[in-house]
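S.K.: Dumping the structure here so I can ask a few things about it.
The values are calculated or read from the model by the stated rules, or taken from the named source; none is laboratory data. No experiment lies behind these values; they were computed from the predicted model shown. Positions of Cβ are generated from backbone atoms using ideal geometry, with glycine treated the same way; all protein chains shown enter the neighbour counts.
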Amino acid sequence: MAKQQDTLSKKQQVLQMLFQECEQRRNWFFTNEDVKRLASKVGFGNPFDATKVDTMSVLPETIRQRGYCVAHVGKGKHQFVPELEKWYHIFEEIEEHEVIVWRYRKSLLNDLDTGEASVLSFVYNQHILHDFLYEDVVASPKIYVP
């Protein structure tokens, strides 16, 4: 186990330790306080990011093998739920005939992050959403992405 801990990122180490604690006490709920406590043990600087698992690959392999993912249940509480296969969508391969050549417009905002809001901002700023929704790249609807 120690060797595996060495290959995990600090975020994955926090998730792994949370999972082990939940498993030991047979209660899959945990709190922000639990996250902070374990994040400080491994030196993970942003405990609030530890439970943000945007992609399946962020989860430690042992958690993925068991089929669990992290759900935010509100008011500083989270839960490991055995719904991994339903939680994330694995995108289908894009066939060559489905590819659309799109002129990329470089921007400082394009590569800041890989989270949902950043991706939505990217497709909006590149007018990909305009083309998809309105079949018109000149359309200029207003949008707010927090």
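S.K.: Looking at region 26-38, is at least one residue assigned to a helix (DSSP H, G or I), closer than 30 Å to Val123 by Cβ and not charged (D, E, K, R)?
M.R.: Checked region 26-38: no residue is assigned to a helix (DSSP H, G or I), closer than 30 Å to Val123 by Cβ and not charged (D, E, K, R).
S.K.: From the list Leu38, Leu84, Leu108, Leu59, which residue is in contact with an Asp or Glu (Cβ under 9 Å, 6 or more places away or on another chain) and among the aliphatic types (A, V, I, L, M)?
M.R.: One residue alone meets the criteria, Leu38.
S.K.: Take the conditions surrounded by fewer than 18 Cβ atoms within 10 Å (Cβ to Cβ) and at pLDDT below 95 and apply them to Gly45. Does it pass?
M.R.: Here the answer is yes, as Gly45 does meet what is asked.
S.K.: Here is a further query. Can you go through Tyr88, Tyr124 and tell me which one is closer than 22 Å to Val145 by Cα and more than 17 Å from the chain's Cα centre (by Cα)?
M.R.: One residue alone meets the criteria, Tyr124.
S.K.: Okay, next question. Of the numbered conditions (1) within 15 Å of the chain's Cα centre (by Cα); (2) surrounded by 13 or more Cβ atoms within 10 Å (Cβ to Cβ); (3) of a type in the set (Asp, Glu), Glu23 fails exactly one; give the number of that condition.
M.R.: (1) is the only condition that Glu23 fails.
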